[in-house]
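The values are calculated or read from the model by the stated rules, or taken from the named source; none is laboratory data. Note that the structure is predicted; figures quoted are calculated from it, not measured. In this analysis, Cβ positions are derived from the backbone assuming ideal geometry, glycine residues included, and neighbour counts consider all displayed protein chains. The protein model used for the area step is the full one, side chains on, heavy atoms only, and it has no ligands, DNA or RNA in it. Shrake-Rupley method; radii C 1.70, N 1.55, O 1.52, S 1.80 Å.
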Amino acid sequence: MMRSTPGEARGEDALERIEFGAIRAWLAARTSSERARRMAAALAPADDLAQARERLADLAEAKRLFETHGAWPAPAASELGEAWEAARRGQRLDALVLLEVRRLLDAVESTRAYFLRVEDAPRVRAQGEALVPAAELLRSLRQAIDPQGEITDAASPALARLRSRRADTRQRLIERLERLAAKEKIDGSESEGFVTQRDGRYVVPVRADRFDRSKGVVHDASRTGAVLFVEPFSVLPANNELRELEVQEAQEIGRILDALTARVGERADVLARDEEILAELDVLSARVRLSREMAGTTPRLLEGAEGRLRLIEARHPLLWRQNGGASDAERARTRVVPFDLTLEGRARVLLVSGPNMGGKTVLLKAVGLAVTMAAAGLDVCAAEGSTLPFVRELYADIGDAQSIADQLSTFAGRLGRMDAMARAASPNVLCLLDEIGSGTDPDEGAALAQALLERLGERGAWTVATTHLGSLKAIAGERPEVVNGSMEMDAQRLEPRFRLLVGVPGGSYGLVTARRLGLDQPVLARAEALAGEEGRSLAGLVSELTEQLARARVEREETRRALDQAAARLAELDRLESEQEQRVAERQRRRLEEIRALESQARGLLREVRREAERAPAEREANRLRALGDQVREVAHTGDRLAAATRPRESDDAPTSLEPGTSVRHAGLGIVARIVEGPDAEGQVLLARGAWRIRAAVADLRRTEGDAAPGGEESGPRRDPLVTVDVANDAAWEVDVRGMPAEEAVDAVDRALDRAVLAGHRELRVIHGIGKGVLRDVLARHLRGHPQVAAEHLGHVGEGGRGVTVAELR
């Protein structure tokens, strides 16, 4: 924990120097309740590493919940600590305070219901589950108090009756007074014509010069005394009754409030705890919103002695917010230059040099804020992968600590802070020093600064220091604990680039700036002479090195952009390849559909063959059936060729004519057919081959062997080279499907059935094996519904038994 000690540069004083108070104010503005606002304004770094890690773990879970389930309900705005104390003492709470209690209980109920629905955030869910709802009390408060803080008629039956009687009495009283006021006179006096109230009683105005004072009670008079407000004696009983009812109503309301207060007092401790939990959840919700607004990430926290401070693309959060933040991220990224910083191993001290207004102090505060915010359980304004040490004390020497009251000069105040750092130096300390060694003689100041930096480095204290003293820049080459750094400067334009260069000392550019600004030439020449050739050479070397690094960074960024473009092009090529694969798959799908259509046509032809065989003697019809069988076999075996032909092939052997009667060869099916109908609007022709017809695309048609190439001569008469198959020799009387998948086995059986029917067999033996009987059952169901199968049964003894199914053909 970063403790506060008066007079030392640590604790709250150090936090204010790095502007942590502005971060707390930013966080507090994102809360919903007064109690959470106070908690956010008092947020401090955790006492130990475990506590800090728990806070960051809670924040990580809460961010996930915001993404997946949205924000949880906000708590009631008012703080009720005084109400709990009053209720414990039995002091009556008024209706407005009880309305706030009702709102608190509403928030408890809705918040607990929210967390009971989530499963992926056990830490935050446990906080929500710790809330204790009071359903009965909430129901009573809802029944008794409306959203405006008024006691309702439903608060009690007695109150409802009293209010009903009071309303009736009041109505009768007003009507009677209105009738009196409507008369020209009241007992001889003229009325002013309306009804009003004085001292809680209903009266009518009467002219004073005409009123008989023995006829009524005067309650008030106008400013001039010309009008009196009179309660006629005739309405005294009604006014008295109305007042009595009002007193009884107030007493009943008091009784209701006392009863509700007593119930609140009984649960005061539980309600106070619920209010505290809701406030903690409110602060957690504000931490999520703060992280979003600063485009923050959750860093990895290590014990200070473990040794790593790594910030990736870090920014000062307040500078980021000032330039638009998450609401205008593009503008913020353009105007806020991020920095990368790594300190690890023995390197614990970063010494940053460079010109004035180059961003050194902003860098110093950004590092301090990142370490402090992580320890306090807040995300940091940096990219993913940042790692920070957990430190228990922060020392900051930033700004002027001159004090007239304490008789301290600027240098004396600085010496006090340097002394505190030297005494407390350890791996659990972060020291921030702006313009170290300034405020006194440069040589003595440099000596003190070097001694302090060596002490801090030896003891492993995390340190970031800025300086203009050139002699300090040589320490990095002598001490492994010290690393040089500089803020980049454009020497030609004399403009800061606000980039941190680690490992390179920076120049102050004082003489260069003086020359650019036109300083008196003799004064400038004398200054350059006093600076010495060595100093000018060193400054020039630093400037040249800085420019080379700037060019290298530009080249690196150009290379990264080229790599990004190459990656985008590769992704585009992958997309095009995927689209091409999809097109090929679509063509294959269409081919398969054509195959299925041809198979269906083949089965129809087989049925026709069967019917013709049964109607005509075998010898007389043998030749015709064999020809028809050839056609069936030809159609049935075109599937493989169709599947291979996944896309139309470009060819020079296109048919010379598409007129009906022309013989052409189908490239995909490998058969010759005759054009029956010419090309239609979609570029398809109708082909005939024996008894079957098929539509085909013109692009799939080729010349037959007897058709001459364009411009050539015919090689002979046109003819259709029929594909002949010896059905009787090709068909088998059994098919073996053992070991095949079910779908493949069914296809094999269908093909065997076709061959067996064409061969004239009366049955087909299907060998499927015994196994578990799965394949046997599938085939049996298929055969039972097959149009070519009359019956099926398991093999008899000598036929294979249960390992064979015999299909009897129609």
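So S191 clears everything in (1) modelled with pLDDT of 90 or more; (2) surrounded by 14 or more Cβ atoms within 10 Å (Cβ to Cβ) except one condition, right? Which one?
The failed condition is (1).
Within the set of pairs 6+ apart or on separate chains, which have a first residue in the range 429-443 that is under 10 Å from H468 (Cα atoms), a second that is open to solvent by 50 Å² or more (accessible area, probe 1.4 Å) and modelled with pLDDT under 85, and C-beta atoms under 8 Å apart?
E435/H468; S438/H468
Which one is farthest from I145 (Cα to Cα), of the residues in the range 63-94 that are over 40 Å from the mean Cα position of the chain (by Cα) and not in a helix (DSSP H, G or I)?
Top of the filtered list is R89.
Which residue out of G795, G803 is modelled with pLDDT of 85 or more and surrounded by 13 or more Cβ atoms within 10 Å (Cβ to Cβ)? Working first, answer last.
On the way: G795 fails: modelled with pLDDT of 85 or more.
None of the other options fit; the residue is G803.
What is the one condition in (1) modelled with pLDDT under 70; (2) surrounded by 21 or more Cβ atoms within 10 Å (Cβ to Cβ); (3) not hydrophobic (A, V, I, L, M, F, W, C) that D490 does not satisfy?
(2)
Here's a check for you: in the range 267-284, which residue that is in contact with a Leu (Cβ under 9 Å, 6 or more places away or on another chain) and open to solvent by 50 Å² or more (accessible area, probe 1.4 Å) is nearest to D94 (Cα to Cα)?
Here the answer is R267.
Do the conditions hold for R24, that is, is it modelled with pLDDT of 95 or more and basic (K, R)? Before you say what the answer is, go through the steps one by one.
Numbers: modelled with pLDDT of 95 or more: yes; basic (K, R): yes.
Yes.
Identify all residues within the range 740-757 that are under 60 Å from the mean Cα position of the chain (by Cα) and either open to solvent by less than 20 Å² (accessible area, probe 1.4 Å) or without any contact (Cβ under 8 Å) to a residue 12 or more places away in the chain (or both); write none if there are none.
The initial filter retains those residues of the range 740-757 that are under 60 Å from the mean Cα position of the chain (by Cα), namely 740-751.
P741, E743, E744, A745, D747, A748, V749, D750, listed by residue number.
Do the conditions hold for S471, that is, is it in a helix (DSSP H, G or I), of a type in the set (G, A, S) and modelled with pLDDT of 70 or more? Give the derivation first.
Values: in a helix (DSSP H, G or I): yes; of a type in the set (G, A, S): yes; modelled with pLDDT of 70 or more: yes.
Answer is yes for this residue.
Could you count how many residues in the range 219-234 are among the polar types (S, T, N, Q) and either in contact with a Pro (Cβ under 9 Å, 6 or more places away or on another chain) or in a strand (DSSP E or B) (or both)?
Going through the range 219-234, the residues among the polar types (S, T, N, Q) turn out to be 222, 224, 234.
Now restrict to residues that are either in contact with a Pro (Cβ under 9 Å, 6 or more places away or on another chain) or in a strand (DSSP E or B) (or both): 222.
Of the residues in the range 219-234, 1 are among the polar types (S, T, N, Q) and either in contact with a Pro (Cβ under 9 Å, 6 or more places away or on another chain) or in a strand (DSSP E or B) (or both).
Give just the number: which of (1) touching a Pro at 6+ places or on another chain (Cβ under 9 Å); (2) at pLDDT 90 or above does K365 not satisfy?
Here K365 clears every test but (1).
When you scan the range 749-765, do you find a residue that is assigned to a strand (DSSP E or B) and touching a helix residue (DSSP H, G or I) at 6+ places or on another chain (Cβ under 6 Å), even just one? Step through it out loud before you land on a result.
Going residue by residue through the range 749-765, those that are assigned to a strand (DSSP E or B) are 763-765.
Then keep just the ones that are touching a helix residue (DSSP H, G or I) at 6+ places or on another chain (Cβ under 6 Å); that gives 764.
Checked the range 749-765: at least one residue is assigned to a strand (DSSP E or B) and touching a helix residue (DSSP H, G or I) at 6+ places or on another chain (Cβ under 6 Å).
If I ask for residues that are outside any helix (DSSP H, G or I) and β-branched (V, I, T), which ones from the range 95-148 would you list? Write out each step before concluding.
Going residue by residue through the range 95-148, those that are outside any helix (DSSP H, G or I) are 117-121, 130-134, 145-148.
Answer for the range 95-148, where residues must be outside any helix (DSSP H, G or I) and β-branched (V, I, T): V118, V132, I145.
I want to confirm something. Restricting to the range 370-399 and keeping residues that are in a strand (DSSP E or B) and among the β-branched types (V, I, T), which single residue is farthest from L284 (Cα to Cα)?
Step one: of the range 370-399, the residues in a strand (DSSP E or B) are 380, 387-390, 393-397.
If we keep only those that are among the β-branched types (V, I, T) as well, we get 380, 387.
Details: V380: 15, T387: 22 Å.
The residue in question is T387.
(1) under 16 Å from V352 (Cβ atoms); (2) outside any loop (DSSP other than H, G, I, E, B); (3) open to solvent by less than 60 Å² (accessible area, probe 1.4 Å): which one isn't true of A451, the others all being true?
(1)
I need the full set of residues from the range 61-90 which are aliphatic (A, V, I, L, M) and open to solvent by less than 30 Å² (accessible area, probe 1.4 Å), in order please. Spell out how you get there, then give the answer.
First, pick out the residues of the range 61-90 that are aliphatic (A, V, I, L, M): 62, 65, 71, 74, 76-77, 80, 83, 86-87.
A62, L65, A76, L80, A83, A86, A87 - these are the residues of the range 61-90 that are aliphatic (A, V, I, L, M) and open to solvent by less than 30 Å² (accessible area, probe 1.4 Å).
Could you list all residues from the range 32-50 that are open to solvent by less than 60 Å² (accessible area, probe 1.4 Å), part of a helix (DSSP H, G or I) and either in contact with a Phe, Trp or Tyr (Cβ under 7 Å, 6 or more places away or on another chain) or not small (G, A, S) (or both)?
R35, L49
What's the total number of residues in the range 334-356 that are surrounded by fewer than 24 Cβ atoms within 10 Å (Cβ to Cβ), touching a strand residue (DSSP E or B) at 6+ places or on another chain (Cβ under 6 Å), of a type outside the set (V, I, T) and not in a strand (DSSP E or B)?
The number of residues fulfilling the criteria is 3.
Residues that are acidic (D, E) and closer than 26 Å to L260 by Cα: does the range 137-148 have at least one? Don't jump to the end; show me each part of the working.
Start the filter on the range 137-148 by keeping residues that are acidic (D, E), which leaves 146.
Remaining after also requiring closer than 26 Å to L260 by Cα: 146.
Yes, the range 137-148 contains at least one residue that is acidic (D, E) and closer than 26 Å to L260 by Cα.
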